[in-house]
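Report on one structure; see the data block that follows.
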Amino acid sequence: MRWCVWVGAVLVAGAIVGGDVAGIAAPTPHSRFADANNSVQSVNVELVIAVDVSYSMDMDELAIQREGYAHAIVSKDFLQALRAGPGSKVAVTYFEWSMSGDEKIIIPWRIIDGPESADAVAGEIMKAPVRRGSSTSISGAIDFAVQLLEENPYRGLRRVIDISGDGPNNDGAPVTGARDAALEKGIIINGLPIMVKEPSLTTTDIENLDLYYEDCVIGGPGAFVMTIKDREKFQEAIRAKLVREVAGTPESRIVPAVEKEPRVPCLIGEKKSQERGRQ
């Protein structure tokens, strides 16, 4: 059944679901190189899609974001990029995150190698109930994504974390430590900062979230940020981002924040969270 039958149900229901209902709580422990008897499948890219569902995301944003990824995966542009790569296949997993420790796998590792498998993955994305978390731990999301990459049974030419979010890290460990640990493993981190609302003084929202993502979150060869400032451009931006990640564009290396002065303080989210707690 094609994924699109789920779109209306998700947007109408708008259900807030917590706990483990929305997905699998954690990956099954398994060393990347532990079992030599396991067959290793070669893919073009090992792609982790890490989607923000923190409380600052409203229900409309959550539904549009979910629909945007489903549309992108079955799009003509995505499938063309897939066919252009070596072996014409990618390994994908999709999880939602908010505070540290609140990471829920919606799509365990799947191979996409054509329209049928793309339809199946998109259908799974749209079928899962929409849920909402609490705080924003980008560092927790990166650490969880790294674990997924280290434990999956695939071997790609590139390993990529695609992380979206509408605010800075305000929970868990500092984001730069998690980012740098991922980069040391050769993992690329790309960002999708969501800036469709004006920052609120009563929250941990910040201006220039795109600059924060550039200087504090992303990194690796060809790493990039694709900013969303218009709800109407959600699907277009997500599609362009996935196409670029599957096709691969190693133009340059984004310099980690430890090697330059960030334009936005990398601890700004933690600082704003502390200030709110003292009020």
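Each reported figure results from applying straightforward, stated rules to the coordinates on display, with no laboratory input. Predicted model, so just to flag it, every value in this text is computed and none were measured. Cβ sites come from the backbone with ideal geometry, for glycine too, and all protein chains shown count toward neighbours.
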By the C-alpha gyration tensor axes a ≥ b ≥ c (rounded if a/c is under 1.5, else prolate when a/b exceeds b/c, else oblate), the shape of region 38-118 is oblate
Relative contact order of region 40-134 (C-alpha contacts under 8 Å, at least 6 apart) in percent is 38
Within 10 Å, count the other beta carbons around each residue, average over each peptide in 160-166, 40-46, and list them highest first. 160-166, 40-46
Global geometry of region 41-278, whether rounded, prolate or oblate, following the gyration tensor of its Cα atoms and the 1.5 cut on a/c: prolate
So for the pair residue 197, residue 229, with labels modelled 7 Å out along Cα→Cβ, what separation do we get in nm? 1.9
Neighbour-limited loop hits for trypsin sites (Lys or Arg not before Pro), region 175-223 (at most 13 other Cβ within 10 Å; DSSP other than H, G, I, E, B): 185
Could you tell me how far the Cα centroid of region 145-189 sits from the Cα centroid of region 63-105, in Å? 15
Rounded, prolate or oblate for region 115-233? Axes are the square roots of the Cα gyration tensor eigenvalues, ordered a ≥ b ≥ c, and the cut-off for rounded is a/c under 1.5. oblate
Below 28 Å, Cα to Cα, which lysines can residue 197 reach? Residues fewer than 8 away in the same chain don't count. 104, 127, 229, 233, 241, 271, 272
For region 41-278: relative contact order, % (alpha-carbon pairs under 8 angstrom, 6 or more apart): 24
For 134-142, 146-154, 186-194, ranked highest to lowest by mean beta-carbon neighbours within 10 Å, the order is 134-142, 186-194, 146-154
